[in-house]
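Participant: Before anything else, here's the structure in question.
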Amino acid sequence: MALKKPISGKTSVSNRAAVASTATADAPAAEPHGSDLDRYDIALLHELQRDARLSNIELASRIGLSAAPTWRRVKWLEEQGFITGYRAEIDRRKIGLGVLAFVRVDADRNTAAATRQLEEAIRRIPEVIACHYISGSGTFELEVMATDLDAFSKFAQGTLLNLPHVKDLHTSFSLGEVKAGGALPLGHLRAARDGAR
């Protein structure tokens, strides 16, 4: 039986499909995949959170599978919505975004229609990098980036206060990041899997 030469070196995530045809004779068959994550899936999530640019061969080596089953598992994680995308992490200061603000938004009406209208408006604003419903006072907590305090002031007055149904804003500024862009914790998945044995 003729074997194809394994692909080596870095490949983009979108090129992992090419590896599906490079399975060697000793590659283990992909076991049926249920709805639960197993140790290989959890290992894949861990490795891809650390470095999403790993080639399929590097991923396979790190989790202890051959290339083809690894590729199939990554595709399954993507299709099931566990992996929602891949992106570069950019240093905001390097591109001139020196201000990170946390803005609590108080809405004057909390009806479903008014909330949906406000949500849609917030989603269209690129300076708002995250938005959360919050408990207690206020309706939303926003993370907002700006080049400097003057730019933030103009943005708050010209954009945020003009959003539909916004009554008031309460702002706190980040004085320094201790931790940002952290990977999601996966220890509870391992504990649940081990406890189910």
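Any read-out appearing in this document is the output of simple, stated calculations on the displayed coordinates, not a laboratory observation. Please read all numbers here as calculations on a predicted model, not as lab measurements. So basically every Cβ, Gly included, is an ideal-geometry build from the backbone, and we count neighbours across all protein chains shown.
Participant: In nanometres, what is the gap between the two model label sites at Ser137 and Leu175, each 7 Å from Cα along Cα-to-Cβ?
Facilitator: In this crude label model, Ser137 to Leu175 measures out at 2.1 nm.
Participant: When we measure straight from the Cα of Lys154, which aspartates and glutamates land under 15 angstrom away, once same-chain ones fewer than 8 places off are left out?
Facilitator: Glu127
Participant: Got a sec? How would Asp36, Asp106 order by Cβ neighbour count within 10 Å, fewest to most?
Facilitator: Numbers: Asp36 10, Asp106 15.
Going from sparsest to densest Cβ surroundings: Asp36, Asp106.
Participant: If you don't mind, there's one more thing I want to ask. Using Cβ contacts closer than 10 Å as the measure, can you line up Phe155, Phe102 from fewest to most?
Facilitator: Values: Phe155 21, Phe102 14.
Least crowded to most crowded, the residues run Phe102, Phe155.
Participant: Measure off 7 Å from each Cα along the Cα-to-Cβ vector at Glu120 and Lys154, then give the distance between these two points in nanometres to one decimal.
Facilitator: Label at Glu120, label at Lys154, 2.9 nm between them.
Participant: If you don't mind, there's one more thing I want to ask. Need one number: nm distance between label points at Lys94 and Arg62, each 7 Å from Cα along Cα→Cβ, rounded to one decimal.
Facilitator: 2.0 nm
Participant: How long is the gain from Leu161 to Tyr86 if the chain were fully straight, where each residue apart is worth 0.36 nm and the alpha carbon distance is subtracted? Walk me through the numbers before you get to the answer.
Facilitator: Details: separation 75, 0.36 × 75 = 27.00 nm, distance 3.29 nm.
Length gained, Leu161 through Tyr86: 23.7 nm.
Participant: Counting other beta carbons within 10 Å of each Cβ, put Ser172, Ser35, Ser55, Ser61 in order, fewest first. Before the final figure, lay out each step's value.
Facilitator: Details: Ser172 11, Ser35 5, Ser55 19, Ser61 15.
Ranked by crowding around the Cβ, least crowded first: Ser35, Ser172, Ser61, Ser55.
Participant: What percent of all Cα-Cα pairs in the range 92-173 falls in each 10 Å bin, counting up from 0?
Facilitator: Per 10 Å bin, starting at 0, the Cα pair percentages come out as 18, 55, 23, 4, 0.
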